[in-house]
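Asks: Just dropping this structure here.
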Amino acid sequence: NAGVTQTPKFQVLKTGQSMTLQCAQDMNHEYMSWYRQDPGMGLRLIHYSVGAGITDQGEVPNGYNVSRSTTEDFPLRLLSAAPSQTSVYFCASSRPGLVNSEQFFGPGTRLTVL
Amino acid sequence: KNEVEQSPQNLTAQEGEFITINCSYSVGISALHWLQQHPGGGIVSLFMLSSGKKKHGRLIATINIQEKHSSLHITASHPRDSAVYICAVFWAEYGNKLVFGAGTILRVKS
């Protein structure tokens, strides 16, 4: 199993550009989530999905869109990039039920918005 | 207000020392996770706890539900333990989500 994969690993954007961060998992996990990690702060939840066709907002959803058309894929779209979105982005997946489910993280995407 | 507080923020230890990292949270929870993030950036799950104590190799995690506190211990520390250690809590009132602490940066010197 490849686990959770993310592409790209690094990206530089100009303000106003749009792009999609890709996330895929091959463990048949129903729960998938996107986090951003900023210096001195904990991981913050952007959006999450409890299954194909179901998504919900997290703590910091503004400026991001997601969709979940398949169990495997959970792309994160930046609609109009802003410098405040410079961060490291992590995708994670787990079986349903966060209480007793191990979290599997992708390797991260380092995004810089100029 | 950060609902999950970790201490210390930074910790430097000599190889072989016993290390303790603490995590306190503000409300009753259903489960707590300990994660490790290596300098290369990858994050791996170490433990999930809802009560008591768990041990894996040189790592021990404990939780006291009444005191809203968890500790991660590393026995006989080694330079390869150098990483950021993150605790995250899940409580039903917050929805189907985890809330993360800011992390503890551990450096073990040889």
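Asks: Would you confirm, using the coordinates I've provided, whether residue B:21 is in contact with a Pro (Cβ under 8 Å, 6 or more places away or on another chain), surrounded by 15 or more Cβ atoms within 10 Å (Cβ to Cβ) and touching a residue at least 24 places away in the same chain (Cβ under 8 Å)?
Replies: Considered against the rule, which asks whether it is in contact with a Pro (Cβ under 8 Å, 6 or more places away or on another chain), surrounded by 15 or more Cβ atoms within 10 Å (Cβ to Cβ) and touching a residue at least 24 places away in the same chain (Cβ under 8 Å), residue B:21 comes out as yes.
Asks: Here's another thing I want to ask about it. I need the full set of residues from the range B:80-110 which are open to solvent by 20 Å² or more (accessible area, probe 1.4 Å), more than 11 Å from chain A (Cβ to nearest Cβ) and either without any contact (Cβ under 8 Å) to a residue 40 or more places away in the chain or β-branched (Val, Ile, Thr) (or both), in order please.
Replies: Across the range B:80-110, the qualifying residue is only B:80.
Asks: OK, next. Of everything in the range A:23-54 that's open to solvent by less than 50 Å² (accessible area, probe 1.4 Å) and of a type in the set (A, V, I, L, M), which residue is farthest from residue A:9 (Cα to Cα)?
Replies: Among them, the one singled out is A:27.
Asks: Residue B:77 fails exactly one of the following numbered conditions: (1) assigned to a strand (DSSP E or B); (2) farther than 30 Å from residue A:59 by Cα; (3) open to solvent by less than 40 Å² (accessible area, probe 1.4 Å). What is the number of that condition?
Replies: All conditions pass for residue B:77, except number (1).
Asks: Please state which one of B:59, B:49, B:72, B:35 is at pLDDT 95 or above and either open to solvent by 50 Å² or more (accessible area, probe 1.4 Å) or within 14 Å of another protein chain (Cβ to nearest Cβ) (or both).
Replies: That would be B:35, the only listed residue that is at pLDDT 95 or above and either open to solvent by 50 Å² or more (accessible area, probe 1.4 Å) or within 14 Å of another protein chain (Cβ to nearest Cβ) (or both).
Asks: Something else now. Quick check on the range A:1-22: of everything there that is within 13 Å of chain B (Cβ to nearest Cβ) and not aliphatic (A, V, I, L, M), which residue is surrounded by the fewest Cβ atoms within 10 Å (Cβ to Cβ)?
Replies: Selected residue: A:10.
Asks: Can you report the number of residues in the range A:56-85 which are assigned to a strand (DSSP E or B), modelled with pLDDT of 95 or more and either open to solvent by 20 Å² or more (accessible area, probe 1.4 Å) or at the interface with another protein chain (Cβ under 9 Å from one of its Cβ atoms) (or both)?
Replies: The qualifying residues number 4.
Asks: Where residues in the range A:86-106 are assigned to a loop (DSSP other than H, G, I, E, B) and at pLDDT 95 or above, which of them is nearest to residue A:51 (Cα to Cα)?
Replies: A:106
The values are calculated or read from the model by the stated rules, or taken from the named source; none is laboratory data. If you're wondering where the values come from, they're calculated on a predicted model, not measured in any experiment. Ideal geometry is used to build each Cβ from the backbone, glycine not excepted, and the neighbour counts take in all protein chains shown. SASA here: full protein model, heavy atoms, side chains in, ligands and nucleic acids out. Shrake-Rupley method; radii C 1.70, N 1.55, O 1.52, S 1.80 Å.
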